[in-house]
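A.B. asks: Could you have a look at this structure, given as structure tokens, before my questions?
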Amino acid sequence: MNKNKHTEKKRSFMRIPALVLALILPLIMVFSAALVIQAGMQMDSAEDLKTKDYFQTSAFADSFYSKASTILSGISAKEILDKTNEDAYIDLEELYNGDSLSFKNTSGLAYSFNDLKEWSSQTIYSNDDWIVLGLTTPEGETKYMYYSDFKKALEDGTLQLNANSGALKYEGISQKDWTERILSSLSAEYADGGIQSQEPLKNITDKNGNVVYTDVANMLTPILEIPCAPEGYDSLLDYMNSTSSKTRNFKGNLNDAFEQLDNARDLFSSWTEAAQTLDEYSSGNSNIHYAYTDNTSQKIFTNTDAAYTSDLTDISGFSDKKPYVFLSVNEAATDEKNARNGLMNLNLSAAANSSVGSWIDLLRNSTYDENCSFLAWIDDTSLPVQDSIKTDRQHFLTYRTLFIPAAVITMISFLLFIIDFIWLTVHTGRRNSDSSNTDTAQPELNFFDRIYTEAAAGLVCIPALVVLTAGLSMQASTYNLVSSLIILGITILLITCLFWIGYLSLIRRIKAHTLWKNSLLRKCLKLPRLCLCKAGKLIDFFSRNTISRIRMVVGLGVFLFLEFFFSALLAASDGWFLMFLLLFLLDLGALFCVYKIALGRELLLDGLKRITDGELTYKIPEKELRGDQKAMAQYINRIGDGLDAAVEKSLKDERMKTELITNVSHDLKTPLTSIINYIDLLKRLNLKDPEALKYLEILDSKAHRLKSLTEDVVEASKASSGNLSLEMTELNFVEMLYQVMGEFEERMENRHLTLMTHLPDSPAMIYADGRRMWRILENLFGNILKYAMENTRVYAEVLLEKDQVIFTLKNISAQPLNIPAEELTERFIRGDVARNTEGSGLGLSIAQSLTQLQGGTFKLYLDGDLFKVCLIFPQKISPTALSAPEDPHSEAHS
């Protein structure tokens with residue numbers, strides 16, 4: 001037992017560290033895994049882990065390739081934006097076909113480079129005046145006009161809207177109002193299919209009455225104000241109107257033209273952005289040095305002051321020992337020669353896109369020059385400028401150092417988390433008890449485990465989602481690394497706490513078999529069955545005493561009908577006073593009936609209370625009762641008479657039985673005492689015959705056994721009837737137990753029984769009769785001497801728990817205990833079925849009766865051959881209580 005208690009204490013002590021680990025390990029796991037992922041992002045491949053030089057990694061090569069592409073794009077954009085001559089144009093046909101820009105007017109629809117450049121720097125806004133209308137000519141062609149111009153022409157009489165004959169007169173509307181209605185439809189884009197589909201428009205004439213247009217439609221609303229015009233035309237619409245679709249070089253329609261103008265504006269915006277980005281790689285802002293030359297114009301772009309040749313083959317300060325790339329494209333050379341013109345040092349060989357061909361393609365695609373050279377290199381390995389290259393190199397060195405330790409910590413924390421997860425899953429819900437059957441005990445549930453299953457899931461999942469959403473939101477709005485890590489840690493900790501609360505509750509519910517039993521869904525599914533049961537009970541209710549039930553329902557129905565009827569008459573009739581009086585009398589009669597029923601119910605309850613309190617001769621007055629209540633009173637009065645007679649007969653029988661036992665025992669004592677005395681006299685004669693001595697010894701043993709049996713019968717009779725006078729006083733139960741064990745120590749050794757004790761050092765004070773308590777303990781230890789198996793251990797334990805003194809005595813029976821535990825406390829029942837022992841079968845019965853008379857509890861437990869008796873007494877705290885004496889059996893303590 002002590003071993004079990006030690007195991008339970010150890011298990012309880014281990015739960016706190018296990019729970020702490022369950023909360024801490026996810027934090028360690030997430031942060032270390034995040035560090036591993038971050039380190040992996042700094043290294044493009046596993047090969048990067050093998051080198052200590054950042055400039056030998058593929059990550060650097062890719063970064064260098066990206067930065068070189070940005071530099072080349074910026075140089076190309078800057079070179080384009082520097083075109084200031086008036087002969088430079090952006091041809092919309094080239095944009096429409098996706099051709100390379102020639103910066104020449106090849107289609108006739110081209111805008112001045114400088115005009116577009118100036119326009120791209122202006123603010124964009126929309127304006128209804130820029131709505132484009134399409135007017136259909138009598139020949140079927142479409143002419144374009146801005147809405148503002150069309151409106152102005154109508155106002156000054158240059159154009160006239162003409163309606164079908166009699167249409168306006170039929171509608172009762174003036175010409176002016178009709179014109180305003182058409183303009184409103186055109187501005188609101190309601191007439192994109194032509195105004196004739198909505199209005200009775202006949203045609204549009206000029207001021208001379210000539211028909212110039214037959215219909216007008218809303219073509220489009222440009223999102224851009226276009227302050228510039230194509231070369232040689234007043235506006236884009238002027239170009240579209242002056243040429244037909246068959247004769248103009250631009251093959252697109254008006255929508256395509258506006259779209260390409262928008263693309264042209266985006267081009268200038270991207271060129272400007274790329275040129276501004278190039279400033280980030282100026283001298284002093286970047287560790288990358290570059291030089292670019294247009295071999296045709298001999299124009300050079302560079303961010304270094306070093307001296308160099310025009311073809312970049314010789315630059316002062318340049319060292320081919322540092323990371324660099326040299327690219328050259330010559331329009332007079334073949335592709336094979338161009339490929340050989342690209343040279344790179346071996347530091348870039350790790351990059352997937354660092355082949356000569358890919359770098360040459362980069363140079364071609366990023367510029368519009370077919371004869372150019374480009375050289376880019378890192379200043380030196382010291383990296384004097386704090387740019388992204390230096391930052392990435394520092395991150396690489398840091399993460400490369402931490403990658404393997406972080407990966408190891410991640411794996412170890414993950415394995416520990418799995419072990420802790422399994423341990424908590426197995427041990428959660430186990431009770432901290434000393435029972436030898438703890439593994440099969442009912443799991444211990446807390447208040448959260450008793451909440452409905454669905455409600456508990458909501459209490460865990462909903463806060464977890466709220467915490468996760470809030471954490472992600474705060475994480476996104478925080479740019480400080482320390483704050484971000486703190487928010488991440490708090491979020492993970494809260495979610496982990498909620499997870500363990502929900503998961504461990506789920507495990508305890510599964511172990512206790514309450515997951516489904518305590519489910520709202522189960523209760524909802526049981527609702528139809530419950531309704532059927534209620535309906536069945538209602539049917540059963542009316543099936544018994546049917547006349548009374550029907551009388552009750554009919555009476556209630558009549559009352560409700562009259563109540564409703566008189567109320568309706570009161571509302572609809574002029575004689576309201578009479579109806580009100582009838583309704584009042586009806587309610588008064590109902591109140592009187594309820595009063596009589598309540599009065600009868602109180603009489604019945606009072607009579608039942610008196611009878612149960614012992615007044616068996618009390619009679620409920622029947623004159624005040626009617627109907628079922630009167631019948632109930634008659635039955636209760638008869639029950640009282642029957643109980644009175646039964647109690648009187650029981651008391652008489654008990655008195656007769658006690659008197660019979662006492663008288664018979666007294667009559668047996670006198671001859672039995674004489675027999676014992678004569679046997680004693682015969683022993684003093686010094687008989688020499690062995691047979692006579694043997695018979696004399698048997699007579700002496702049986703006589704004393706008969707005397708003991710007689711005394712036990714008398715005492716059992718007095719104890720069971722309560723006919724004993726008790727001298728109650730405060731006793732130290734532990735001290736008395738030591739004395740009893742001392743009395744039985746020698747006899748237990750003769751039976752080869754080892755006594756194992758577990759007694760408290762402090763006094764265990766109880767309120768009891770010392771002589772009767774001694775008899776209880778004597779009977780219990782005597783029972784062990786008679787029935788315990790030899791060469792076994794006997795366990796005696798005293799516990800002080802919750803103001804109670806609990807004494808437990810356990811032993812192994814020599815004979816199989818194949819009877820229920822409650823039968824052992826009956827009179828003349830013995831565990832020895834063969835009746836070979838000296839027992840009378842009254843010891844446990846006497847012990848139980850004496851324990852109950854002194855206010856204690858007597859319990860027996862049988863488990864196979866294990867016999868266990870438990871005495872429980874209220875603990876009395878006495879200031880004068882002495883400490884327990886030294887245990888004389890200390891060498892036998894467990």
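One line per residue, one yes/no per condition, for (1) among the basic types (Lys, Arg); (2) within 30 Å of Val211 (Cα to Cα); (3) free of Cβ contacts under 8 Å to residues at least 12 places away in the same chain; (4) touching an Asp or Glu at 6+ places or on another chain (Cβ under 8 Å):
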site	(1), (2), (3), (4)
Leu72	no, no, no, no
Glu94	no, no, no, no
Asn97	no, no, yes, no
Ser102	no, no, yes, yes
Thr106	no, no, no, yes
Gly134	no, yes, no, no
Ser148	no, yes, no, yes
Gly172	no, yes, yes, no
Lys176	yes, yes, yes, no
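A.B. asks: Among the residues that make up region 815-831, is at least one of them surrounded by fewer than 18 Cβ atoms within 10 Å (Cβ to Cβ), at pLDDT below 80 and closer than 26 Å to Leu759 by Cβ?
C.D. replies: The answer is yes; a qualifying residue exists.
A.B. asks: Something else: Is there a residue being hydroxyl-bearing (Ser, Thr, Tyr), at pLDDT 80 or above and either within 30 Å of Lys117 (Cβ to Cβ) or touching a Pro at 6+ places or on another chain (Cβ under 9 Å) (or both) anywhere in region 50-68?
C.D. replies: Yes, region 50-68 contains a residue that is hydroxyl-bearing (Ser, Thr, Tyr), at pLDDT 80 or above and either within 30 Å of Lys117 (Cβ to Cβ) or touching a Pro at 6+ places or on another chain (Cβ under 9 Å) (or both).
A.B. asks: Let me ask you something else. Among Ser413, Ser358, Ser366, Ser373, which is crowded, with 16+ Cβ neighbours inside 10 Å, at pLDDT below 75 and of a type outside the set (D, E, K, R)?
C.D. replies: None of the others qualify; the one that does is Ser366.
A.B. asks: Could I ask something else about it? Do the conditions hold for Ser185, that is, is it surrounded by 13 or more Cβ atoms within 10 Å (Cβ to Cβ), under 60 Å from the mean Cα position of the chain (by Cα) and more than 30 Å from Glu273 (Cα to Cα)?
C.D. replies: yes
A.B. asks: Identify, from the list Ile451, Ile487, Ile492, the residue that is over 29 Å from Arg509 (Cα atoms) and among the β-branched types (Val, Ile, Thr).
C.D. replies: Ile487
A.B. asks: Could you tell me which numbered condition Tyr290 fails, if it satisfies all but one of (1) in a helix (DSSP H, G or I); (2) surrounded by 14 or more Cβ atoms within 10 Å (Cβ to Cβ); (3) not β-branched (Val, Ile, Thr)?
C.D. replies: (1)
A.B. asks: With respect to Arg610, is the statement that it is surrounded by 14 or more Cβ atoms within 10 Å (Cβ to Cβ), among the basic types (Lys, Arg) and either outside any loop (DSSP other than H, G, I, E, B) or without any contact (Cβ under 8 Å) to a residue 60 or more places away in the chain (or both) true?
C.D. replies: It is true that Arg610 is surrounded by 14 or more Cβ atoms within 10 Å (Cβ to Cβ), among the basic types (Lys, Arg) and either outside any loop (DSSP other than H, G, I, E, B) or without any contact (Cβ under 8 Å) to a residue 60 or more places away in the chain (or both).
A.B. asks: Would you please name the residue that is modelled with the highest pLDDT, looking only at residues in region 238-274 that are among the aromatic types (Phe, Trp, Tyr) and farther than 30 Å from Gly74 by Cα?
C.D. replies: Applying the filter and picking the extreme gives Tyr239.
A.B. asks: Continuing with the same structure: Can you tell me which residue within region 191-205, out of those that are part of a strand (DSSP E or B) and within 20 Å of Val132 (Cβ to Cβ), is farthest from the chain's Cα centre (by Cα)?
C.D. replies: Looking at the filtered set, the residue picked out is Ile204.
A.B. asks: Another question, then. Evaluate region 565-576: report whether one residue or more is at negative phi and modelled with pLDDT of 75 or more.
C.D. replies: For region 565-576, residues at negative phi and modelled with pLDDT of 75 or more: absent.
A.B. asks: From the list Leu161, Leu135, Leu168, Leu154, exactly one residue is at pLDDT below 85, among the hydrophobic types (A, V, I, L, M, F, W, C) and either buried (at least 17 other Cβ atoms within 10 Å of the Cβ) or outside any strand (DSSP E or B) (or both). Which is it?
C.D. replies: Of the residues listed, the single one that is at pLDDT below 85, among the hydrophobic types (A, V, I, L, M, F, W, C) and either buried (at least 17 other Cβ atoms within 10 Å of the Cβ) or outside any strand (DSSP E or B) (or both) is Leu168.
A.B. asks: Could you check region 752-799 and list, in sequence order, the residues that are surrounded by fewer than 19 Cβ atoms within 10 Å (Cβ to Cβ) and among the charged types (D, E, K, R)?
C.D. replies: Asp761, Arg771, Arg775, Glu778, Lys786, Glu790, Arg793
Quick grid of which residues meet (1) outside any helix (DSSP H, G or I); (2) of a type outside the set (S, T, N, Q); (3) under 11 Å from the mean Cα position of the chain (by Cα):
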{"site": "Pro443", "(1), (2), (3)": "yes, yes, no"}
{"site": "Asn446", "(1), (2), (3)": "yes, no, no"}
{"site": "Asp449", "(1), (2), (3)": "no, yes, no"}
{"site": "Glu454", "(1), (2), (3)": "no, yes, no"}
{"site": "Val460", "(1), (2), (3)": "no, yes, yes"}
{"site": "Leu465", "(1), (2), (3)": "no, yes, yes"}
{"site": "Thr469", "(1), (2), (3)": "no, no, no"}
{"site": "Ser473", "(1), (2), (3)": "no, no, no"}
{"site": "Thr478", "(1), (2), (3)": "yes, no, no"}
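A.B. asks: Out of curiosity, is Ser388 loosely packed, with under 12 Cβ neighbours inside 10 Å, more than 30 Å from Glu801 (Cα to Cα) and either modelled with pLDDT under 80 or in contact with an Asp or Glu (Cβ under 8 Å, 6 or more places away or on another chain) (or both)?
C.D. replies: no
A.B. asks: Here is a follow-up. Would you call Asp887 surrounded by fewer than 18 Cβ atoms within 10 Å (Cβ to Cβ), at pLDDT below 85, in the same structural domain as Asp761 (by TED's automatic domain parsing) and in contact with a Pro (Cβ under 8 Å, 6 or more places away or on another chain)?
C.D. replies: Considered against the rule, which asks whether it is surrounded by fewer than 18 Cβ atoms within 10 Å (Cβ to Cβ), at pLDDT below 85, in the same structural domain as Asp761 (by TED's automatic domain parsing) and in contact with a Pro (Cβ under 8 Å, 6 or more places away or on another chain), Asp887 comes out as no.
A.B. asks: Exactly one of these conditions fails for Pro690: (1) surrounded by 10 or more Cβ atoms within 10 Å (Cβ to Cβ); (2) at pLDDT 70 or above. Give me its number.
C.D. replies: Unmet condition: (1).
The values are calculated or read from the model by the stated rules, or taken from the named source; none is laboratory data. These figures come from a predicted structure and were not determined experimentally. Cβ sites come from the backbone with ideal geometry, for glycine too, and all protein chains shown count toward neighbours.
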